1. What residue, among those in region 71-94 that are open to solvent by 90 Å² or more (accessible area, probe 1.4 Å) and within 24 Å of PHE30 (Cβ to Cβ), is modelled with the lowest pLDDT?
2. Restricting to region 72-101, what's the tally of residues that are among the small types (Gly, Ala, Ser) and either assigned to a helix (DSSP H, G or I) or in contact with a helix residue (DSSP H, G or I) (Cβ under 6 Å, 6 or more places away or on another chain) (or both)?
3. I'm checking my understanding of the structure. Among residues of region 35-70 that are in contact with a Ser or Thr (Cβ under 8 Å, 6 or more places away or on another chain) and either of a type in the set (Val, Ile, Thr) or open to solvent by 70 Å² or more (accessible area, probe 1.4 Å) (or both), which one is modelled with the highest pLDDT?
4. Can you confirm whether LEU69 is part of a helix (DSSP H, G or I), of a type in the set (A, V, I, L, M) and over 20 Å from ALA37 (Cβ atoms)?
5. Collect the residues in region 1-34 that are assigned to a loop (DSSP other than H, G, I, E, B), open to solvent by 90 Å² or more (accessible area, probe 1.4 Å) and at pLDDT below 85, keeping them in residue-number order.
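The values are calculated or read from the model by the stated rules, or taken from the named source; none is laboratory data. What you see is a predicted model, and the numbers here were worked out from it, not measured in a lab. Reconstructed Cβ throughout: ideal geometry from the backbone, glycine too, with neighbour counts over all protein chains shown. Areas reflect the complete protein model, heavy atoms only, side chains present, ligands, DNA and RNA absent. Shrake-Rupley method; radii C 1.70, N 1.55, O 1.52, S 1.80 Å.
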Amino acid sequence: MSFPIMSESIACTFIGAIGDIERFSTYLEFKKYLGIAAENKISGTSVFKSRQAYEGVRDTHRVLFLMTLLLISPKISENSFRVYYKRLVERGMAKRKAIID
């Protein structure tokens, strides 16, 4: 799947912020670096709540947010990201939360 609206500058910023992908030993470590890892609130054996962790490099977080805005834009053809976003918003989720989750 190609997205012609994705600019080279956004892609280069993302790649530059990540650096060498080989330095991440696990997928979870990479997700934490990007700031998209889930964080669970646990007490004993019960999981109370799950939310997005507020860790990661700010530049990668911003670039991912911009990429998401481009993918849900009505100016490009229908794609799975926009379909999922619309479904979340129709269920009553705030638009910003639907983008981040």
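1. Among them, the one singled out is PHE81.
2. Number of matching residues: 2.
3. Here the answer is VAL63.
4. Criteria met by LEU69.
5. Correct list: MET1, SER2, PRO4.
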